[in-house]
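In what follows, a single structure is set out as structure tokens and then discussed.
The values are calculated or read from the model by the stated rules, or taken from the named source; none is laboratory data. Bear in mind the structure is a predicted one, so any value in this text is a computation, not a measurement. Here the Cβ positions follow ideal geometry from the backbone for every residue, glycine too, while neighbour counts run over all protein chains shown.
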Amino acid sequence: MVEADQGALIESARFTVDDGLSAARALASSVDADERFEFARAVVHGTLRAYWSEVGSNLHCRWPLRVLPDGVEIASIPEEAGALAQCIGAAAAQLDPLEAGYLVGVLYTTLMPRAARAKLGAYYTPPALCERLLDMATDAGVDWASARVLDPACGGGAFLAPVARRMVAGRKGQDARAVLKDIERRLVGFEVDPFAAWMSQVVLDVALNDLCREAGAQLGSVVRVCDSLEQAPAGEGFDLVVGNPPYGRVTLSAPMRRKFKRSLFGHANLYGLFTDLALRFTRLGGVIAYVTPTSFLAGEYFKALRGLLGREAPPASIGFVGKRKGVFADVLQETLLATYRRGGDPGSGTVHFISSGENGSIEVGAAGSFSLPESSDQPWLMPRTEAQGALLSPVTVDIDSEGLAVRRADGSLGPVRFPESEATLLASMTPENAHADLLAEPNDREIGPCGPELPG
Ligand SMILES: C[S@@+](CC[C@H](N)C(=O)[O-])C[C@H]1O[C@@H](n2cnc3c(N)ncnc32)[C@H](O)[C@@H]1O
């Protein structure tokens with residue numbers, strides 16, 4: 001197909017899926033709250049059935065759609081909802097599997113009852129952010145040809161599928177069956193929601209279709225349905241623990257509080273527990289790559305976690321995600337991407353800021369670098385823009401006829417020149433007030449990336 005036609009087809013498929021999402025939300029609003037979860041699963045199951053059948057004819061998939069895990073029943077839904085699922089599934093098949101998987105995941109999570117969604121912290125990550133985090137993991141030293149990788153909250157496979165693709169690329173030219181077996185050995189997901197675990201496997205099936213066809217076999221199960229917080233590491237540990245863990249305050253049982261004591265100070269937040277968990281599952285020298293809220297950087301409730309990270313796995317790189325609504329369909333609150341190296345040098349790390357580009361792509365700008373405070377449980381101050389980068393690192397300031405020039409410690413000219421009016425403003429900013437938003441206490445219930453809500 002000509003490239004322009006292909007582009008138009010993809011655009012039109014995106015419109016159809018978008019419209020389908022709105023129509024599905026409207027249908028769900030007339031479903032009783034206690035039947036909403038079954039409704040969400042039935043619509044998404046119908047969508048993935050249609051998707052699979054369409055993709056199958058395009059890609060010559062030889063296998064039937066994977067069976068659902070034991071205990072997951074699919075309820076019947078009104079004809080109108082079934083037709084809608086069919087339409088969304090067929091349109092999604094025109095998109096890259098990772099984009100399709102994300103959009104079907106958004107369908108699932110926005111149809112869920114609000115309370116169940118909040119309890120699970122089910123907010124899936126857009127593909128461009130996943131790829132960015134995986135690039136940061138590469139920069140931190142992850143070798144996709146050999147790394148063992150865990151996503152302890154894998155949802156619909158947002159990270160598992162692109163990681164699997166990188167594993168395949170890292171083994172290019174090798175026997176397909178051996179590569180498939182190798183991925184089964186090296187890739188692991190945990191997920192408490194059995195339906196989401198099934199979605200992950202389906203997305204993996206499509207993302208690895210070429211390899212599976214060549215190998216003449218399907219990928220075995222790589223997702224374990226379990227409560228991650230109850231798991232204990234066995235063996236050497238993973239080279240990379242990656243993901244977007246659930247967020248939100250939780251009340252812990254006494255044994256759980258004891259288990260995570262080292263990272264707790266006051267209220268527990270799920271993402272803090274999952275960060276502590278990642279440390280336990282990562283081998284010495286391995287990398288943690290997480291999407292989380294920014295509140296742990298300075299919030300008092302996260303001081304024990306900051307201390308633990310500073311001692312055991314200092315951050316290597318941080319990317320702040322632009323907070324404007326609509327930047328990423330599913331992201332509302334202050335979010336960052338970070339890599340940490342277990343046993344790494346607590347020297348300095350780099351900071352980037354990430355904003356939205358065209359069609360779900362992202363733009364990345366360098367903001368500077370940071371060093372942890374001497375006592376790492378203290379707030380971590382870091383720049384979020386080039387201008388703050390200049391302010392927070394050691395600089396000298398010259399004022400000449402063109403205004404103010406920032407000079408770095410190495411003598412080079414900084415990235416910005418401010419006219420005199422801005423120079424006055426900047427001179428009044430200290431590192432603390434440049435980052436004042438992070439010094440606030442975390443919200444009562446930190447619900448991260450979120451999309452349009454339905455009445456619960
Ligand atoms: C923020 S979503 C992220 C999903 C996926 N990694 C992504 O980035 O799109 C968090 C996921 O964690 C799962 N989850 C919540 N609590 C869990 C637990 N205790 N054990 C395992 N999974 C859990 C939720 O069901 C949800 O799918």
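Below are the figures for this structure:
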read-out	value
Residue within the range 222-234 that is surrounded by 21 or more Cβ atoms within 10 Å (Cβ to Cβ), within 12 Å of the ligand (Cβ to nearest atom) and polar (S, T, N, Q) present	yes
Qualifying position, being surrounded by fewer than 24 Cβ atoms within 10 Å (Cβ to Cβ), touching a residue at least 40 places away in the same chain (Cβ under 8 Å) and within 12 Å of the ligand (Cβ to nearest atom), among LEU273, LEU284, LEU279	LEU273
Inter-residue pairs, beta-carbon under 7 Å, first within 12 Å of CYS130 (Cβ to Cβ) and in the range 157-173, second modelled with pLDDT of 95 or more and acidic (Asp, Glu), 6+ apart	PHE159/ASP151; LEU160/ASP151; PRO162/GLU131
Single match in GLU3, GLU73, GLU54, GLU11 (criterion: among the acidic types (Asp, Glu), modelled with pLDDT under 95 and farther than 30 Å from GLU358 by Cα)	GLU73
Test: residue in the range 386-409 that is surrounded by 19 or more Cβ atoms within 10 Å (Cβ to Cβ), modelled with pLDDT of 90 or more and not in a strand (DSSP E or B)	no
Helices (runs of 4 or more DSSP H) lying entirely in the range 90-169 (those with 3 or more residues that are out of contact with any strand residue (DSSP E or B) (no Cβ under 7 Å at 6 or more places or on another chain) and assigned by TED's automatic domain parsing to the domain that holds ALA278)	127-139
Selection count, the range 110-126, where residues are in contact with a helix residue (DSSP H, G or I) (Cβ under 7 Å, 6 or more places away or on another chain), near the ligand (Cβ under 9 Å from one of its atoms) and hydroxyl-bearing (Ser, Thr, Tyr)	2
Residues of the range 170-220 that turn out to be charged (D, E, K, R) and either surrounded by 20 or more Cβ atoms within 10 Å (Cβ to Cβ) or under 20 Å from TRP52 (Cβ atoms) (or both), as a count	7
Residue match in the range 186-206 (condition: free of Cβ contacts under 8 Å to residues at least 24 places away in the same chain, outside the structural domain of LEU134 (by TED's automatic domain parsing) and not in a strand (DSSP E or B))	no
Flag if ALA90 is in contact with a His (Cβ under 9 Å, 6 or more places away or on another chain) and in contact (Cβ under 8 Å) with a residue 12 or more places away in the chain	no
The range 232-286 - residue that is of a type in the set (Ser, Thr, Tyr) and in a helix (DSSP H, G or I) and, of those, farthest from ALA153 (Cα to Cα)	SER263
Lone qualifier among VAL241, VAL202 - being of a type in the set (A, V, I, L, M), within 16 Å of the ligand (Cβ to nearest atom), at pLDDT 95 or above and more than 24 Å from ALA278 (Cβ to Cβ)	VAL202
Any hit, the range 151-162, residues being closer than 29 Å to ARG249 by Cβ and more than 11 Å from the ligand (Cβ to nearest atom)	no
Evaluation of TYR247 against (1) buried (at least 19 other Cβ atoms within 10 Å of the Cβ); (2) within 13 Å of the ligand (Cβ to nearest atom); (3) of a type outside the set (Asp, Glu); (4) within 21 Å of LEU187 (Cβ to Cβ) (one fails), failing number	(4)
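Results for (1) touching a Pro at 6+ places or on another chain (Cβ under 8 Å); (2) polar (S, T, N, Q), shown as yes or no for each residue.
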| site | (1), (2) |
| --- | --- |
| LEU9 | no, no |
| ASP32 | no, no |
| PHE37 | yes, no |
| ALA42 | no, no |
| ARG49 | no, no |
| SER53 | no, yes |
| SER57 | no, yes |
| GLY71 | yes, no |
| CYS87 | no, no |
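Matching residues to (1) farther than 20 Å from VAL223 by Cα; (2) under 14 Å from the mean Cα position of the chain (by Cα); (3) surrounded by 23 or more Cβ atoms within 10 Å (Cβ to Cβ):
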{"position": "GLN86", "(1), (2), (3)": "yes, no, no"}
{"position": "ALA93", "(1), (2), (3)": "yes, no, no"}
{"position": "VAL106", "(1), (2), (3)": "no, yes, no"}
{"position": "PRO113", "(1), (2), (3)": "yes, no, no"}
{"position": "TYR124", "(1), (2), (3)": "no, yes, yes"}
{"position": "LEU129", "(1), (2), (3)": "yes, yes, yes"}
{"position": "ASP139", "(1), (2), (3)": "yes, no, no"}
